[in-house]
1. Please list, ordered by chain and number, the residues whose modelled amide H lies under 5 Å from the amide H of V17; skip anything fewer than 5 residues away on the same chain.
2. HN-Hα J couplings of the range 55-66 from phi, Karplus 6.51/-1.76/1.60, θ = phi - 60°, integer Hz, Gly and Pro as x?
3. If we sort 9-22, 45-58 on the protection proxy, mean other Cβ atoms within 10 Å, highest first, what's the order?
4. Using modelled amide H (1.01 Å from N, peptide plane; none on Pro or chain starts), what sits under 5 Å from the amide H of R55, excluding residues fewer than 5 places away?
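Nothing in this text is a laboratory measurement; each read-out follows from the coordinates by a stated rule. These figures come from a predicted structure and were not determined experimentally. Here Cβ is always computed from backbone atoms with ideal geometry, including for glycine, and neighbour counts include all displayed protein chains.
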Amino acid sequence: MTTPALTIAEILEQPAVVPLWPTVGRALGLAESTTYQLAAENRLPIEVIRLGRRRVARTIDLHRFLGLIPQENGAGPGYQPGSSAGNGEGAGYQPAPPVEQSEPTAK
């Protein structure tokens with residue numbers, strides 16, 4: 001039996017650090033054993049933090065990897081929570097408006 005992947009809304013509602021399994025693994029679409037195996041081999045695309053026996057990751061790192069936070073220039077996807085979340089039709093995801101680029105000025 002496979003566990004369904006997390007929706008964008010579920011990922012964005014997470015606290016500052018999240019457990020390696022199920023949160024990080026499900027967000028990346030991985031099985032539990034694969035998630036722990038990649039973490040043990042230091043092959044996950046985000047940093048894994050050890051807290052005793054627990055393995056966690058910073059939520060901001062997960063958001064960056066998944067492209068859920070805007071880039072420094074303001075471009076990137078945007079998320080607007082609302083009534084459409086959870087209905088399977090985009091789950092509140094709205095693409096960010098295009099960024100206008102000005103022509104470079106010669107001096």
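1. Result for V17 returns T59.
2. Values per residue, Gly and Pro as x: 10, 10, 9, 6, 4, 4, 5, 5, 4, 4, 4, 7 Hz.
3. Order by mean packing, descending: 9-22, 45-58.
4. Close amide H contacts, sequence-distant or interchain: L20.
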